[in-house]
Amino acid sequence: MLTSVGTKTRDKASASAKNGSIKLVTGNSNPALAQAISSYLDLPMTKAVVRRFADMEIFVEIQENVRGSDVFVVQSTSYPANDHLMELLIIIDALRRASARRITAVIPYFGYARQDRKVGSRSPISAKLVANLITHAGADRVMTLDLHAGQIQGFFDIPTDNLYASPVMVKDIRDRFQLENVMVVSPDVGGVVRARGLAKRINAPLSIIDKRRERAGESEVMNVIGDVSGYTCVLVDDIVDSGGTLVNAADALLANGAKDVYAYITHGVLSGGAVARITASKLKELVITDSIEPTEAVRNAPNIRSLPIATLIGEAIDRTASEESVSSLFD
């Protein structure tokens with residue numbers, strides 16, 4: 001399968017002096033997002049090969065001179081996670097052996113982030129293992145979006161920028177809602193910090209849902225903390241996978257007097273029957289970003305909408321290449 005590489009010498013004198021040419025490389029996880037980032041950066045596209053042998057081994061060939069270049073590899077570790085992770089590692093290795101000056105792994109969705117601690121005896125911390133693999137493959141820095149847990153940045157022994165989708169979401173919320181009637185809701189206690197940050201940006205009150213997870217992939221809503229009566233509730237989280245938490249949360253909020261329930265989630269994993277579950281639920285709308293390439297089922301779902309994040313990531317790439325502040329994007 002052919003994928004794309006973009007190349008451009010930056011116009012800024014500082015960027016040109018510090019970094020030389022910039023190249024944008026993508027695997028097969030989300031070529032549409034990589035193309036949108038390329039368009040934002042105005043990088044002309046060339047060709048690279050990321051394909052499979054008959055036994056499904058991955059083969060990569062970068063068909064462009066990258067010696068001395070500042071290379072950004074755009075690759076989410078979304079489904080199939082292991083295939084896309086191996087593509088990322090092999091692309092990085094190919095670039096390192098081709099004498100790229102600096103390699104940045106741009107991972108909009110870091111798929112192993114939920115395995116960030118031991119959940120029982122003799123269980124792995126897979127997020128740390130994946131961080132080690134990316135580092136030892138030859139990446140010089142990592143850029144990702146809304147990590148499941150911020151401390152995962154510390155799993156990497158190289159500089160790591162964790163971007164936030166909240167500016168994109170805040171703009172969409174401001175455009176679509178009367179803010180005086182909006183209440184931001186965290187679907188669980190662990191997401192309070194994320195929800196509070198968004199609530200502060202739009203000056204909205206905050207509510208929390210206390211839930212008990214009986215077994216993996218299932219959740220039971222126990223209690224709504226806060227008076228949601230008469231409000232349009234906006235659930236905020238980083239990942240929606242099975243969709244069970246959101247559906248149960250919407251039911252609980254409506255039972256407690258909420259007017260409508262929407263959800264703004266960064267990463268739409270939406271595995272198994274999640275799309276059908278969301279479509280049949282009382283959720284007015286689920287809004288996700290395109291950090292994971294939407295499936296046909298997601299694109300056709302009447303109450304699921306995708307927000308583009310290419311501008312956010314493209315601007316962060318531009319600032320990284322020119323040695324400017326990335327954190328100021330979120331001030």
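Here are some notes:
Residue-wise test of (1) in contact with a strand residue (DSSP E or B) (Cβ under 8 Å, 6 or more places away or on another chain); (2) closer than 18 Å to ALA321 by Cβ; (3) at pLDDT 95 or above.
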{"residue": "ASP11", "(1), (2), (3)": "no, yes, no"}
{"residue": "LEU43", "(1), (2), (3)": "yes, yes, no"}
{"residue": "GLN63", "(1), (2), (3)": "yes, no, no"}
{"residue": "HIS84", "(1), (2), (3)": "no, no, yes"}
{"residue": "ARG97", "(1), (2), (3)": "no, no, yes"}
{"residue": "VAL106", "(1), (2), (3)": "yes, yes, yes"}
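A quick yes/no check of all residues on (1) among the basic types (Lys, Arg); (2) touching a Phe, Trp or Tyr at 6+ places or on another chain (Cβ under 9 Å):
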residue: VAL142; (1), (2): no, yes
residue: GLN151; (1), (2): no, no
residue: LYS171; (1), (2): yes, no
residue: GLY197; (1), (2): no, yes
residue: GLY226; (1), (2): no, no
residue: LEU235; (1), (2): no, yes
residue: ILE239; (1), (2): no, yes
residue: VAL247; (1), (2): no, no
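- Checked against the criterion of being crowded, with 22+ Cβ neighbours inside 10 Å and either farther than 19 Å from PHE177 by Cβ or modelled with pLDDT of 95 or more (or both), the candidates GLY268, GLY273 yield just one match: GLY268.
- Selection count, segment 302-331, where residues are closer than 19 Å to LEU235 by Cα and of a type in the set (A, V, I, L, M, F, W, C): 2
- Just one of (1) modelled with pLDDT of 95 or more; (2) out of contact with any helix residue (DSSP H, G or I) (no Cβ under 8 Å at 6 or more places or on another chain); (3) of a type in the set (S, T, N, Q) fails for GLN153. It is (1).
- Filtered by the rule that a residue be in contact with a strand residue (DSSP E or B) (Cβ under 7 Å, 6 or more places away or on another chain) and not basic (Lys, Arg), segment 45-61 gives MET45, THR46, ALA48, VAL49, VAL50, PHE53, ILE58, PHE59, VAL60, GLU61.
- Once segment 84-108 is narrowed to residues that are aliphatic (A, V, I, L, M) and touching a Ser or Thr at 6+ places or on another chain (Cβ under 6 Å), the residue that is surrounded by the most Cβ atoms within 10 Å (Cβ to Cβ) is ILE107.
- For segment 277-331, the tally of residues that are under 20 Å from the mean Cα position of the chain (by Cα) and of a type in the set (D, E, K, R) stands at 10.
- The set of residues in segment 173-191 that are open to solvent by 20 Å² or more (accessible area, probe 1.4 Å) and either out of contact with any Asp or Glu (no Cβ under 7 Å at 6 or more places or on another chain) or of a type in the set (Ser, Thr, Tyr) (or both) comprises ARG174, ASP175, ARG176, PHE177, GLN178, LEU179, GLU180, ASN181, ASP188, GLY190.
- Selection from segment 109-125 of residues that are over 13 Å from ALA81 (Cα atoms) and open to solvent by less than 20 Å² (accessible area, probe 1.4 Å): ASP116
- Residue in segment 20-27 that is in a strand (DSSP E or B), modelled with pLDDT under 95 and more than 25 Å from the chain's Cα centre (by Cα) present: yes
The values are calculated or read from the model by the stated rules, or taken from the named source; none is laboratory data. Quick caveat: nothing in here was measured; it's all calculated off a predicted structure. Neighbour counts are summed over all protein chains in view; Cβ atoms, including those assigned to glycine, are modelled from backbone coordinates with ideal geometry. Calculation scope for accessible area: heavy atoms of the full protein, side chains included, ligands and nucleic acids excluded. Shrake-Rupley method; radii C 1.70, N 1.55, O 1.52, S 1.80 Å.
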